[in-house]
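Q: I am attaching a structure below and will ask some questions about it afterwards.
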Amino acid sequence: MALEHAILVSLSEQSGSGYELARRFDKSIGFFWSATHQQIYRVLTRMDAAGWVAGTVVSRDGRPDKKVYSVADAGRAELDRWIAEPTDPSRLRDELAVKIRGTALGDVEAVRAEVRRHRQVHSERLEMYRLIEKRDFPSPESVEGAALHQYLVLRGGIRVEEGFTQWCDEILERL
């Protein structure tokens with residue numbers, strides 16, 4: 001996947017300026033596809049030049065104008081093409097897993113400490129996802145349409161974090 005596709009999905013859900021889009025990445029899409037604010041601005045400029053997005057200048061009282069982007073017809077066509085394209089299943093590529101594999105060659109206590117640190121980070125992320133689920137989807141059985149798709153991605157994140165936290169617990173128990 002290219003950053004362009006993540007931006008097209010986000011702009012399809014809601015038009016916005018580069019700044020607004022970057023903030024959305026920080027709060028939602030960035031949980032599973034990260035990008036710096038500079039990357040987002042550079043890619044938006046390329047997408048605008050390619051005709052995938054259309055930017056409209058919006059005047060604001062006492063503040064600089066801003067450019068609000070929305071998906072153009074060419075961008076919708078690209079998004080349709082990309083969504084229909086097969087996706088390769090992802091593989092676990094995790095530096096911690098390699099360290100665990102090499103634990104016998106190094107400092108076991110240092111690896112335990114690193115696993116505890118990773119567990120803490122994943123546990124905090126899991127708690128944040130659960131809070132988002134409770135706040136945004138209080139009745140998940142009635143969610144449909146675009147909200148259902150967002151909910152399903154959130155549920156995937158919850159399951160990944162649950163699994164990683166449980167894996168860390170298993171490692172700490174066995175080391």
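The values are calculated or read from the model by the stated rules, or taken from the named source; none is laboratory data. This one's a predicted model, so the numbers in the text were calculated from it and none came from an experiment. Here the Cβ is made from the backbone with ideal geometry for all residues, glycine too, and neighbour counts use every protein chain on show. Ligands, DNA and RNA are excluded from the accessible area calculation, which covers all protein heavy atoms including side chains. Shrake-Rupley method; radii C 1.70, N 1.55, O 1.52, S 1.80 Å.
Q: Ranked highest first by the average count of other Cβ atoms within 10 Å around their residues, in what order do 74-87, 91-104 fall?
A: Top to bottom by mean Cβ count within 10 Å: 74-87, 91-104.
Q: While we're on this one: Compare the peptides 109-121, 3-15, 137-149 by average per-residue count of other Cβ atoms within 10 angstrom and give them in order, highest first.
A: In decreasing order of mean packing, 109-121, 3-15, 137-149 become 3-15, 109-121, 137-149.
Q: Label-point separation (nm) for residue 85 and residue 38, each offset 7 Å from Cα along Cα-to-Cβ?
A: Taking the simple label geometry, residue 85 and residue 38 are separated by 2.6 nm.
Q: Still on this structure, I have one more. For the stretch 42-175, give the magnitude of the charge dipole about the Cα centre (Cβ charges: +1 Lys/Arg, -1 Asp/Glu; no others), in debye to the nearest 20.
A: Approximately 400 debye in magnitude.
Q: Separation of the stretch 119-169 and the stretch 76-109 by C-alpha centroid, Å?
A: 19 Å
Q: If I fit a long axis through the Cα atoms of helix 73-84 and take the longest principal axis of the Cα atoms of the chain, what angle between them do I get, 0 to 90°, rounded to 10?
A: The angle comes out near 30 degrees.
Q: Using +1 on the beta carbon of Lys and Arg, -1 on that of Asp and Glu, and nothing else charged, what's the dipole of the stretch 106-150 about the Cα centre, debye to 20?
A: That gives a dipole near 160 debye.
Q: Now for a different question. Can you check how the C-alpha radius of gyration of the chain compares to 2.2 N^0.38 Å, as a plain ratio?
A: Rounded to two decimals, the normalised Rg is 1.29.
Q: If the cut-off is 13 Å between C-alpha atoms, which aspartates and glutamates fall inside it for residue 66, apart from same-chain ones fewer than 8 positions away?
A: Correct list for residue 66: 20.
Q: If you don't mind, another one. Rank 71, 158, 83 by how far each Cα sits towards the positive end of the charge dipole of the stretch 49-175 (+1 on Lys, Arg Cβ; -1 on Asp, Glu Cβ) and give me just the farthest.
A: It is 71, whose Cα lies furthest towards the positive end.
Q: Between 128, 39, 3, whose Cα lies farthest towards the positive end of the dipole of the chain when Lys and Arg beta carbons carry +1 and Asp and Glu beta carbons carry -1, centred on the Cα centre?
A: 39
Q: Under a 1.4 Å probe, what is the accessible area of the chain per residue, stated in Å²?
A: 67 Å²
Q: Cα axis of helix 37-50 to longest principal axis of the chain: angle in degrees, 0 to 90, nearest 10?
A: Long axis of 37-50 versus the principal axis of the chain: about 40 degrees.
Q: Taking Cα atoms, how many degrees apart are the long axis of helix 3-13 and the longest axis of the chain, rounded to 10 and kept between 0 and 90?
A: For 3-13 against the chain, the angle is about 60 degrees.
Q: Treat every Asp and Glu Cβ in the stretch 30-119 as -1 and every Lys and Arg Cβ as +1, leave all other atoms uncharged, and give the resulting dipole magnitude about the Cα centre to the nearest 20 debye.
A: In total the dipole reaches around 320 debye.
Q: Moving on. Of the accessible area of the stretch 115-175, with the probe set at 1.4 angstrom, what percent is carbon plus sulfur?
A: Heavy-atom surface of the stretch 115-175 belonging to carbon and sulfur, 1.4 Å probe: 51 percent.
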